[in-house]
1. Too long at a 31 Å Cα-Cα cut-off: which of 132/202; 27/202; 27/207; 180/205; 27/180?
2. So which lysines pass the test for residue 238, namely a Cα distance under 26 Å, with those fewer than 8 places away in the same chain ruled out?
3. Only residues of segment 133-174 count here: report those whose backbone N is under 17 Å from the spot 7 Å along Cα→Cβ of residue 31, or say none.
4. Once you order the gyration tensor axes a ≥ b ≥ c over the Cα atoms, which shape class does segment 141-217 get: rounded for a/c under 1.5, otherwise prolate or oblate by comparing a/b with b/c?
5. Give a quick list of trypsin sites (Lys or Arg not before Pro) in segment 86-146 that DSSP marks as loop, anything other than H, G, I, E or B, with at most 14 other Cβ atoms within 10 Å.
6. For residue 63, list long-range residues whose amide hydrogen, built 1.01 Å from N in the peptide plane, is under 5 Å from its own amide hydrogen.
Amino acid sequence: MGISLADISLANDLVFSEVMRQPENVKPFLEAVLEKKIADITYIERQQDMKDGINLHGIRLDVALADADETRYDIEMQTGHAYDLERRIRFYQSSIDRRTLEPAESYRQLRESYIIFICTDDYYDRGLALYKRKSVIDGAEDLAYEDGSHAYILNAAFTVRNMSEPALEFLRYVNARYRKLAIDISGSEYLTQIDRAVEDIKSDKGKVERLMTLAAKIEDVRIDARREGFEEGERNAKVGMVKRMLKRHKTLEEIADICGLDLDEVKKIAEEG
């Protein structure tokens, strides 16, 4: 399923990556969320694919960037209800780390990193605007487990204001645009700037067509991946069934009949061991 002109808001991950690849758009956001000044942005990559091998699971980062202090950031837009964010964050973190440490460098030179998910829905249903991971030692909770990695899950549908006001304003904007609600942003120079960037995309026929084409391609890849995963699971189930029958000393013909498989397929599985 692609995107329509009505879907083009900052809450769309492709639009988000297009807008936030500009340092003047992403830097104020990061400073509002982290509540501190950050170094100048030196590198930004939008919709970056990361995969270690052809048969391994890959990821597509919405906005991956680094600053002059070599701190790494990954910012993701998540619309609708999310699943397995904790493990996704773990996987994203490891994928980024493996690409930032040079062979001759020690582990202490591993860069500080932040994975930030902006969710349109409340992932934990606690109402917090910000869910921030904190690692401590079990049994000695006064000891912080500092590995240089940070995970932030933002909630655009918040009821508890536990972030800076600029960050809350940003979340209110995302929420309003996603749910097509009225919002007055005239008092915020930054949100006016963001909104103008989104409108510029919507008014650019070429960009809209590229976004729609990319959205369709991404959806095709996801469908193919799901289909391949289903077919792989089905194949594994068949192999397992045949092997169990072989252990019970069933003949190949009996296995083919019981499992509803072609005799040639059963023979091939048996030969594979």
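1. Pairs exceeding the cut-off: 132/202.
2. Of all the lysines, those that pass the test against residue 238 - Cα under 26 Å, at least 8 places apart if same chain - are 247, 250, 267, 268.
3. Residues 164-170 qualify, since their backbone N sits under 17 Å from the label point.
4. Here segment 141-217 falls in the oblate category.
5. Those that pass, being in a loop and sparsely packed, are 99, 126, 133, 134.
6. So residue 63 has HN proximity to 47, 75.
Laboratory data are not the source of any read-out in this text; all were calculated from the coordinates shown. The structure displayed is predicted, hence computed values, not measured ones. Neighbour counts are summed over all protein chains in view; Cβ atoms, including those assigned to glycine, are modelled from backbone coordinates with ideal geometry.
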